[in-house]
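Just so you know, all these numbers are worked out from the coordinates, no wet-lab data involved. In this text the structure is predicted, and so the values were computed from the model without any measurement. Reconstructed Cβ throughout: ideal geometry from the backbone, glycine too, with neighbour counts over all protein chains shown.
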Amino acid sequence: MNSFILIGVIFIPFFIFYNLWCINNKKISIWINSKFEVTQDDYFKFQFKSSIITCLLMAIFIIIAVNLNLEQKYIFFILAIFYISIYATESIAIKRNYIIKIQNL
């Protein structure tokens, strides 16, 4: 089986279910820096929507990679999409005041 398909079949549903668990339990995703505190409950919906967008972007890349028969060395693009999306989620959440950085005392 193609590695791209394997990643899509295993990781994408896991990531969506994990973020559903986060929204139901009001937890910040482990991918977001643990030094943050939620200031608005809207953050959890935002985090879930962001995870859906991340999964869609990864799925689109996987479909393109499979159709173009890209070599396995291009798998790192999936990681890049994931980490850029996580960074964007964190940055946007800070700007919208959904989360704030916890200050060390």
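Per-residue 3J(HN,Hα) values for the range 58-64, derived from phi via the Karplus relation 6.51 cos²θ - 1.76 cosθ + 1.60 with θ = phi - 60°, read 5, 5, 4, 4, 4, 4, 4 Hz in sequence order (x marks Gly and Pro). The separation of the range 8-62 from the range 81-102, counted between C-alpha centres, amounts to 11 Å. Taking the charge dipole of the chain about its Cα centre, with +1 at Lys and Arg Cβ atoms and -1 at Asp and Glu Cβ atoms, the residue from Ile102, Leu6, Asn67 reaching farthest to the positive side is Ile102. Relative contact order of the chain: 40 percent, from C-alpha pairs under 8 Å at least 6 residues apart in sequence. Labels on offer are [x] 1.02; [y] 1.19; [z] 1.09, and the one holding Cα Rg over 2.2 N^0.38 Å computed from this structure is [y].
The phi torsions of the range 73-84, fed into the Karplus equation with coefficients 6.51, -1.76 and 1.60 and a -60° offset, translate into couplings of 5, 7, 4, 4, 5, 5, 5, 4, 4, 4, 6, 5 Hz, rounded to whole numbers, with Gly and Pro shown as x.
Amide H to amide H distances under 5 Å link Phe36 with Ile102, where only residues 5 or more positions off or on other chains count and H is placed in the peptide plane. Report, ordered by chain and residue number, the lysines lying within cross-link reach of Lys26, taken as a straight Cα distance under 23 Å and ignoring same-chain residues fewer than 8 apart. Result set, ordered by chain and number: Lys35, Lys45, Lys49, Lys95, Lys101.
With a Förster radius of 35 Å applied to the beta-carbon distance between Val38 and Ile60, the computed FRET efficiency rounds to 0.75.
Ellipticity at 222 nm from helices only: DSSP H runs of n ≥ 4 in the chain, each -39500 (n - 2.57), divided by the residue count, give -23000 deg cm²/dmol.
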